[in-house]
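Notes for the one structure printed next.
The values are calculated or read from the model by the stated rules, or taken from the named source; none is laboratory data. All figures in this text were calculated on a predicted structure; none of them were measured in a lab. Cβ: placed from backbone, ideal geometry, glycine included. Neighbour counts: every protein chain shown. We work out accessible area using only protein heavy atoms, side chains counted, and drop any ligands, DNA or RNA first. Shrake-Rupley method; radii C 1.70, N 1.55, O 1.52, S 1.80 Å.
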Amino acid sequence: SGLTLRFTTFAEDSRPSWSPDGNRIVFASNREGDRRWRIYAAWAETDGAITNLGFGDSAAWSPTADQIVFHGCDESGNGCGLWRVNGSGGGRGTLTSQPDDITPAWAPNGQTVVFTSKGRHGNYEVYSLNTATGSVTRLTDHPANDGIPTVSPDGTWVAFLSDRGGRWRLWGVPIT
């Protein structure tokens, strides 16, 4: 159509994720004077209202509900790990307590989150989290760095980036 919209005006705004209905986006930014990363939700329209959802980065909107997963900490900078919040900023709570749990992505079922962590086994590996039970499953086990996962549309595979063999390439593993 040739239509282009600018949702925000700050150069620091990054890593957008669409809401399931396509009306809003969530993104990370360190636009504030203290340079700490926060997540924001914005209406997908020019000059739409923007809501500060609190400290965090790498936010991803659930494909099935008004839930956003992100890497974050509490307001004092402690209790870091994966957190969730709804699109208006309510219902904020922890999902994991490992500060190195980063780059979360939802599976299509809206109950599983895949993520990267260095702190769990000493190098970057890919994990899955059942958000209902809190159980975490290690999906990769390799001395190379594995990370930045995404789940296939049918929810059966996880694609991720790895430097196995000394070169960065995309790999895949079944989600279990």
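Brief remarks on what is shown
- In region 48-107, residue nearest to S17 (Cα to Cα) [restricted to those that are in a loop (DSSP other than H, G, I, E, B) and under 10 Å from the mean Cα position of the chain (by Cα)]: S62
- Of all residues in region 81-92, those being of a type outside the set (F, W, Y), modelled with pLDDT of 95 or more and open to solvent by less than 60 Å² (accessible area, probe 1.4 Å) number 3.
- Per-region count, region 24-42, residues open to solvent by 80 Å² or more (accessible area, probe 1.4 Å) and at pLDDT 90 or above: 1
- Within this structure, T51 passes the test of being modelled with pLDDT of 90 or more and either among the basic types (K, R) or surrounded by fewer than 17 Cβ atoms within 10 Å (Cβ to Cβ) (or both).
- Selection within region 152-175 - open to solvent by less than 20 Å² (accessible area, probe 1.4 Å) and under 17 Å from the mean Cα position of the chain (by Cα): V158, F160
- For region 140-151, a residue qualifies if it is open to solvent by 40 Å² or more (accessible area, probe 1.4 Å) and either more than 20 Å from N130 (Cβ to Cβ) or part of a loop (DSSP other than H, G, I, E, B) (or both), and the qualifying residues are D141, H142, P143, N145, I148.
- Look at region 91-114: where a residue is in contact (Cβ under 8 Å) with a residue 60 or more places away in the chain and under 21 Å from F27 (Cβ atoms) and a partner is of a type in the set (S, T, N, Q) and assigned to a strand (DSSP E or B), sitting 6+ places away or on another chain with Cβ atoms under 6 Å, you get V114/S128.
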